[in-house]
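Let me begin by presenting the structure, written as structure tokens, before commenting on it.
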Amino acid sequence: MQNEMADIVTPERVTSGGAWNDQLLYFTSPSLTADDSQLVFLSDRTGHPNVFVRDLRNGDERQVTTNSEGMLKSYVYFDGSPYRGLGKASVSLDAQRGIVYWIQGRSILAASIGGAGSAGNVRQVAVLPDDQMTAFTHVSGDGRLLCVPTVDARALGDDLIAAGKLEKTIDQRVQQEGLNSYLRIYDTDSGEQIACERVPSAWVTHVQFHPTDSSRILYNHEWPADCGVRRMWLWDGARHTRLRDANDGRGREDWVCHETWERGGDGVIYHGGVAGGPAFVGRVGPDGKGHAEVRLPDGWRQYGHFTTGADGVLVTDGYYRPEGESPVGWGGQWLAILRVDWAGGRIDWQPLCRHKSSWKSQDEHPHPVFDHAGRSVYFTSDREGKRAVYRLNEVQA
């Protein structure tokens, strides 16, 4: 389906804008409180990355963190400082309780976004061990647990960072040297580390608690050489289950990416590409069974992300391309809503607008997400020169 007006729709800028950059939290974490009244976002307006909150009812913006030490080195911010600064990948929101978690240096910190953002509102949850590098964290739906994935620091060695081509070299080093990742789970009240699950010969960068069952964690192996079968995993506290396997006909030469839970936890959504063939959107049950992969039209290969709303509706910043439009760059140019018939292998595409973000770094990825009510889509774009958070209202057709 093609929306002829989509090309001229102008999204509403939500954050205040200016000579600085604002962006949503990474899409595995909510950026909105459960009542959709407050938006949590990252901004460099102080000269350093910090967390801010905007009251969507009156437009007030408040600073939550007080970082003045730059950016922490982590995935995917390899040019940060080791064990110093705010971890841009670490910010995670407990949407129900309005509590933000983040890493500052080696400290895991927390603050209520209802407070003034002063030092008195910030508490230390725990301290991470030496010689570990971090990535995207996640707080459980009930707010009781925080998962911080770490990897032996040598995996992100300065020699590899300087040489570039990280997609190939980090996993290779992890495999050859037998380096490990760890799923570190902390009690958010006491700070006790209640689990530290070693994942051998793996580089874990994405973790997500099941929406209603915090005993299950979806996680990945980042940039593996055999991405089609080694990317997606589930840990249930006892077993590690691979969610896509060559034994079921899905080849090692394929690739998959950006696994994320459906809102109710009934399945896992992902996307990828068939070796030598088209791109696809996929879904698998939480037990690793019941795969459905719907292939996209020929030529729709511009990279993006997929996140879920109510009733299994998806929103994406990639792949969609109107008839007759030539691809530009490697990243998608459109925001679109998908309604997928998994059993029938069909997708109804509802294009929304061109997001006009440059994709020039991780921070310019649009990462569109629905609000909790499922009526609006929020995304990041540098369409006006600097990054800002934008919104499309009443998007459900």
Are there any pairs, at least 6 apart or on different chains, whose C-beta atoms fall under 7 Å, with the first in the range 185-198 and within 19 Å of His210 (Cα to Cα) and the second assigned to a loop (DSSP other than H, G, I, E, B), and if so, which?
Tyr186/Glu192; Asp187/Arg144; Thr188/Gly143; Thr188/Arg144
Single residue of Glu69, Glu12 found to be of a type outside the set (Lys, Arg), open to solvent by 20 Å² or more (accessible area, probe 1.4 Å) and closer than 27 Å to Gln333 by Cα
Glu12
Based on what the data block shows, is Arg123 without any contact (Cβ under 8 Å) to a residue 24 or more places away in the chain, over 20 Å from Phe27 (Cα atoms) and out of contact with any helix residue (DSSP H, G or I) (no Cβ under 7 Å at 6 or more places or on another chain)?
yes
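Restricting to the range 322-345, and then to whatever is acidic (Asp, Glu) and in a loop (DSSP other than H, G, I, E, B), can you tell me which residue is surrounded by the most Cβ atoms within 10 Å (Cβ to Cβ)? Working first, answer last.
At the first step, the residues of the range 322-345 found to be acidic (Asp, Glu) are 323, 325, 341.
If we keep only those that are in a loop (DSSP other than H, G, I, E, B) as well, we get 323, 325.
Numbers: Glu323: 6, Glu325: 11.
Only one residue tops the list, namely Glu325.
Can you tell me how many residues in the range 291-321 are closer than 17 Å to Leu392 by Cβ, assigned to a loop (DSSP other than H, G, I, E, B) and of a type in the set (A, V, I, L, M, F, W, C)?
Of the range 291-321, the ones closer than 17 Å to Leu392 by Cβ are 304-310, 313-318, 320.
When the remaining residues are screened for being assigned to a loop (DSSP other than H, G, I, E, B), the result is 304-305, 309, 313, 317-318, 320.
Still in the running and of a type in the set (A, V, I, L, M, F, W, C): 313.
The total comes to 1.
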For a quick check of your reading of the model, give me the residue pairs whose first member lies in the range 157-175 and is closer than 17 Å to Met133 by Cα and open to solvent by 80 Å² or more (accessible area, probe 1.4 Å), whose second is outside any helix (DSSP H, G or I) and among the hydrophobic types (A, V, I, L, M, F, W, C), with beta-carbon atoms closer than 7 Å and at least 6 apart or on different chains.
Glu167/Trp223
Among Thr212, Thr205, the single one that is touching a residue at least 60 places away in the same chain (Cβ under 8 Å), in a loop (DSSP other than H, G, I, E, B) and under 27 Å from Lys165 (Cα atoms) is Thr205
Looking at Asp60, is it surrounded by fewer than 22 Cβ atoms within 10 Å (Cβ to Cβ), free of Cβ contacts under 8 Å to residues at least 24 places away in the same chain and acidic (Asp, Glu)?
yes
Scope the range 36-73; condition within 21 Å of the chain's Cα centre (by Cα), closer than 25 Å to Pro211 by Cα and in a loop (DSSP other than H, G, I, E, B); matching residues
Asp36
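Residues of the range 365-375 being in contact (Cβ under 8 Å) with a residue 60 or more places away in the chain and either surrounded by 15 or more Cβ atoms within 10 Å (Cβ to Cβ) or in contact with a Cys (Cβ under 8 Å, 6 or more places away or on another chain) (or both), which ones?
Kept after step one, since they are in contact (Cβ under 8 Å) with a residue 60 or more places away in the chain, are these residues of the range 365-375: 365-374.
Selection gives His365, Pro366, His367, Pro368, Val369, Phe370, Asp371, His372, Gly374.
The values are calculated or read from the model by the stated rules, or taken from the named source; none is laboratory data. These numbers come from a predicted model, not from an experiment. Backbone-built Cβ (ideal geometry, glycine too); neighbour counts: all protein chains shown. We work out accessible area using only protein heavy atoms, side chains counted, and drop any ligands, DNA or RNA first. Shrake-Rupley method; radii C 1.70, N 1.55, O 1.52, S 1.80 Å.
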